[in-house]
Structures are given as C-alpha cells and as structure tokens.
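Student: Sharing a structure with you now.
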Amino acid sequence: MTHLQRKTIFLIAVAVLIALNFYTFIVAYPETYTLSPGISTPGINLAKDFSAYYTGAWRLWHNPSQIYHSGALGGSEPVTSPHPEAYKYLPSFLLIISPLLTLSYQQALLAFDIAQFVLLPAMAYMIYRLLGSKNLAVTFAVLVIALLLPFPTANWGLSPSYFWQWGEGQAKVLVTFLLLLSFYFGSKGKPYLSGIALALGFFDVRFGLLAIPLFIMYNRKSLRAATVSAIGALALSNFMLLYTGVGSNFVGMVFSSGITTPIYYYSLIPLFTLLALIVVNFKDLVATFDFKGVFASFTSKPQM
C-alpha cells in the first residue's frame, strides 16, 4: 500500500467516525438542558457535571478557599439547579475553563462541548502520527476507540460514552487531547512541550498517572528535560493549592468522594484510548523500562 493510499483511507475513516460522533452530539444536545438523574442516580435530579467546572472557576477568582465545597454557597456565585456538582480536579483545570465565565452557564456548556468536538480531528492526526509505523488496521482500531467508542443504544446515539460526554459537558475529550499532545511532542523530540502538555492533562490525576509509562516511552531520548518540564508546569499551574484551605480541602476531597468516584461511561474515552496505546506499544514499553535504558534516558542531555 502506497503512502497516498494509506493517507486517503485514514482521511475517509476519520471523516466517517467524526460524522458518527456528530450524530451522537446532536442526540445528546437536548440533555444539556435537561434536569435529570444523569447516569447512575435514579430518582435524584442533578445539575450537569459542567456545573462543577463553571462554579469552581467562579470560586477560583472570588472565593478560592471554597473550590472544593460540595453544594451551593449562595450569594453572588452562579446558580445551577438544583445545586452545582462537586469539583474533583486539580485547580489547574479551572485556569483553562475560566474564559468561559464571560458566557452564561448554558452558553458556556455548549461552547465547551463545541471546543472539544473541534479537537477530534487533531486527536486523529496525533494518533496517526504516533502509530505511523503500525499496521493500518491497528491504527484504525485505536481511532475508533478514541473518536467514537461505539456501542449503539436506543436513547444514547451511537456511543454512551460520547453521549454523556456531550450531555454532561464533561472534560474527557480535553484530557485525552492533552495527553495525546504530550506523547506527540515527545515523539517529535520536544520534551519541554511534552512535559507542559502532560502537566495540563494531569488535572484528572487518574489518567495522568496512567499516561506516565507512555510519557516516558515517547520521551526516552530526553527524559530528564521532559520530567523537569512536567513537574515545573504542574507546580506552577496548581499554585492555588498553597492558598489557605485549598490544598487541605483538595486532599479531603480525594480521600472522601474523589477516591470512590466510579469510572462512568465518559471516563472510558481516555481510559480505553490510553490502554489501547499501551497494548499497541507493549514491546516498546518493555524495552523502554529496562532499568539501564531508563537511567540512560534520564541522565542524557535533551535534544534541541
């Protein structure tokens, strides 16, 4: 198969997958306005997950010690019925979401969904580049997982994961994009940018931790530079943890509601994408984690 044929098949596959995802987006759109029990709380109406981000971003700038407070505080903070969901990410995510405070809550939710949908072609491109040496069927399988994760249902379009991703205004496409971006920069010999992307994608710590083996593999030629960059960017973007009450409340959240949070449908998007990349790159990962190889990578000078 020629390079042109491979590229043509890839473009057709991506166009079809994104079109099918768009159908799920349209099916999920009314859910963004609906006061409903959500995925797993029958009989209890809840605000959308996006309410946690929107209210958390407002608190970051107006009442930072209460970022991890569960429930409404009243006063002048945004009102989401019946009350905002609890915020469970690192503070760095609130810096990303803050520009949406210029919009009303419902407008911001839609804008966040659209912004993430626009990231899908970029995710496809990065997967193609990361798996360029693999069989095209393997690349296609990973694309299907990352861009659609299909499981047709009667009420949830073609993908329960993406239906609830869009319907709840979730952030799982964003975290998947940032982690793929980190791997992509690493594969291109740009360890500092790779570290920054990993730090930004670390706002959901579960998937940040799962991404570390792939981060090491893709940055094995300049691991020290990538690691220093990641740690520095992670510390700078989460400086608010030093503010009175924020750090302690974050730890309290982690060991109460955070640690018991299930893997919901939308969480399968980054989870299965990362696991697919781990499986596909298993031999390279085994070779990378040879102790001598890791030590040599960590002590080598970064390539510019």
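Student: So F163 ticks every box in (1) of a type outside the set (G, A, S); (2) farther than 30 Å from A28 by Cα; (3) over 15 Å from the mean Cα position of the chain (by Cα) but one. Which box is left unticked?
Tutor: (2)
Student: Let me ask you something else. Answer yes or no as to whether D204 is closer than 30 Å to S159 by Cβ, buried (at least 17 other Cβ atoms within 10 Å of the Cβ) and of a type in the set (D, E).
Tutor: On the way: closer than 30 Å to S159 by Cβ: yes; buried (at least 17 other Cβ atoms within 10 Å of the Cβ): yes; of a type in the set (D, E): yes.
Spelling it out, D204 is indeed closer than 30 Å to S159 by Cβ, buried (at least 17 other Cβ atoms within 10 Å of the Cβ) and of a type in the set (D, E).
Student: What's the total number of residues in segment 276-289 that are part of a helix (DSSP H, G or I) and modelled with pLDDT under 95? Give the derivation first.
Tutor: Of segment 276-289, the ones part of a helix (DSSP H, G or I) are 276-280, 282-288.
If we keep only those that are modelled with pLDDT under 95 too, we end up with 282-288.
Number of matching residues: 7.
Student: Turning to a different aspect of this structure: Residues in segment 245-271 that are under 21 Å from D113 (Cα atoms) and crowded, with 18+ Cβ neighbours inside 10 Å: how many? Walk me through it before giving the result.
Tutor: First, pick out the residues of segment 245-271 that are under 21 Å from D113 (Cα atoms): 263-271.
Checking which are crowded, with 18+ Cβ neighbours inside 10 Å leaves us with 264-271.
Residues meeting the conditions: 8.
Student: Do the conditions hold for A235, that is, is it small (G, A, S), modelled with pLDDT of 95 or more and exposed (fewer than 14 other Cβ atoms within 10 Å of the Cβ)?
Tutor: Values: small (G, A, S): yes; modelled with pLDDT of 95 or more: yes; exposed (fewer than 14 other Cβ atoms within 10 Å of the Cβ): yes.
Yes.
Student: Here are the criteria: (1) modelled with pLDDT of 90 or more; (2) more than 26 Å from Y89 (Cα to Cα); (3) of a type in the set (A, V, I, L, M, F, W, C). Tell me which single one F295 does not satisfy.
Tutor: Exception for F295: condition (1).
Student: Next question, about the same structure. Every residue in segment 135-163 that is within 19 Å of L275 (Cα to Cα), among the hydrophobic types (A, V, I, L, M, F, W, C) and touching a residue at least 40 places away in the same chain (Cβ under 8 Å), please.
Tutor: Within segment 135-163, L136, V138, F140, A141, V142, L143, V144, I145, A146, L147, L148, L149 meet the criteria.
Student: Further, regarding this structure: Within segment 109-141, which residues are assigned to a loop (DSSP other than H, G, I, E, B) and among the small types (G, A, S)? Quick ask: steps written out before the conclusion?
Tutor: Of segment 109-141, the ones assigned to a loop (DSSP other than H, G, I, E, B) are 119, 131-135.
Hits for segment 109-141 are G132, S133.
Student: Could you check segment 37-74 and list, in sequence order, the residues that are free of Cβ contacts under 8 Å to residues at least 60 places away in the same chain, surrounded by 13 or more Cβ atoms within 10 Å (Cβ to Cβ), farther than 18 Å from L100 by Cβ and of a type in the set (G, A, S)?
Tutor: A72
Student: Mind listing just one residue for me: the one in segment 1-15 that is β-branched (V, I, T) and surrounded by fewer than 14 Cβ atoms within 10 Å (Cβ to Cβ) and, of those, farthest from P150 (Cα to Cα)?
Tutor: Filtering segment 1-15 for residues β-branched (V, I, T) gives 2, 8-9, 12, 14.
Now restrict to residues that are surrounded by fewer than 14 Cβ atoms within 10 Å (Cβ to Cβ): 2, 8, 12.
Working: T2: 29, T8: 23, I12: 17 Å.
Top of the filtered list is T2.
Student: Can you tell me how many residues in segment 249-275 are at pLDDT below 95, touching a Phe, Trp or Tyr at 6+ places or on another chain (Cβ under 9 Å) and either part of a loop (DSSP other than H, G, I, E, B) or of a type in the set (S, T, N, Q) (or both)?
Tutor: 2
Student: Out of the residues in segment 142-188 meeting the condition of being of a type in the set (S, T, Y) and in a loop (DSSP other than H, G, I, E, B), tell me which one is surrounded by the fewest Cβ atoms within 10 Å (Cβ to Cβ). Outline the logic, then answer.
Tutor: Going residue by residue through segment 142-188, those that are of a type in the set (S, T, Y) are 153, 159, 161-162, 176, 182, 184, 187.
With in a loop (DSSP other than H, G, I, E, B) added as a condition, the list becomes 153, 159.
Numbers: T153: 12, S159: 28.
Among those residues, the one meeting the criterion is T153.
The values are calculated or read from the model by the stated rules, or taken from the named source; none is laboratory data. Remember, predicted model here, so these are calculated numbers, not experimental data. Here the Cβ is made from the backbone with ideal geometry for all residues, glycine too, and neighbour counts use every protein chain on show.
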